[in-house]
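Please treat every number below as a calculation from the coordinates, not as lab data. A quick note: this is a predicted structure, and the numbers were derived from the prediction, not measured. Every residue, glycine as well, gets a Cβ built from its backbone with ideal geometry; the counts of neighbours run over all protein chains shown.
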Amino acid sequence: MLKAKDKFTIAVTVMCSAILILAVACSIMFAAFQASKQGSTTISFHEGITIDVSGIDGNGLWYYNNTGSTTGGFTMTSGAVLNGLALSPISVTVTKGASEQIPCFVRIYAVITTTSTTANLTNFTLGSGVTTDETRLQAENDFFGDIKNTNKKSIAGTIEISDLNSATPLLNALSVFSVTEGGEPSAFNGEQVQAYFRIYASTTDGQWGQGYSYSFSTSN
């Protein structure tokens, strides 16, 4: 457990206005929340594609835990002290718009950043079967470049889905940091951590239009 001086707490924020540069962004306001179990929300795209996304809530907030473990539950508790931090895995279930004849392509783009210049950010890892895309879309590249912090990482990947109603992991759980009893103060102490991801879906690989954005943020 972190010492009192080393603890910091969760706060919900509105996503940075820079996210609006992402093409056809869905406008989502991030309201205050109560503790709840890990959930999902349904989003719809053009071409008749509808997908359920797990690991988020209907207000666009990314689930997390305050232990740093990538296993077990991921909940959101306003004002919770962070003795560690892990972000929930993200998976999708296509409920409409996919078939063997007309598959659905889903893309995820994720970013994590911190104001700490000494903390080591863990690399994101994509779900099994998701192909890493080394090239960001122009809007994604602009968004990444507009983040003022120098300590930041991102990942992008796509997957083809032809089966309806079957969950597909896009992004694995990410342990941002974990602190043990009597350990050294965390390099994240007193610093802000922000994470964003964006989901796209299309029946044509590489032609991404409308997308939906979600976020996580801490403050001390």
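With only Lys, Arg, Asp and Glu charged, each at its Cβ (+1 for the first two, -1 for the last two), find how big the charge dipole of segment 113-220 is about the Cα centre; round to the nearest 20 debye.
200 debye
Taking amide H as placed 1.01 Å from N in the peptide plane, the amide H of Phe177 sits under 5 Å from that of Leu85, each at least 5 places away or on another chain. The separation of segment 56-73 from segment 103-147, counted between C-alpha centres, amounts to 18 Å.
Residue ranges 129-139, 42-52 sort as 42-52, 129-139 when ordered by packing (mean number of other C-beta atoms within 10 Å per residue, highest first). Taking 15 Å as the straight-line reach from the Cα of Lys148, the aspartates and glutamates in range (excluding those fewer than 8 positions away in the same chain) are Glu140, Glu191. Each peptide among 199-209, 143-153, 105-115 gets the average number of other Cβ atoms lying within 10 Å of its residues, and from highest to lowest they stand as 105-115, 199-209, 143-153.
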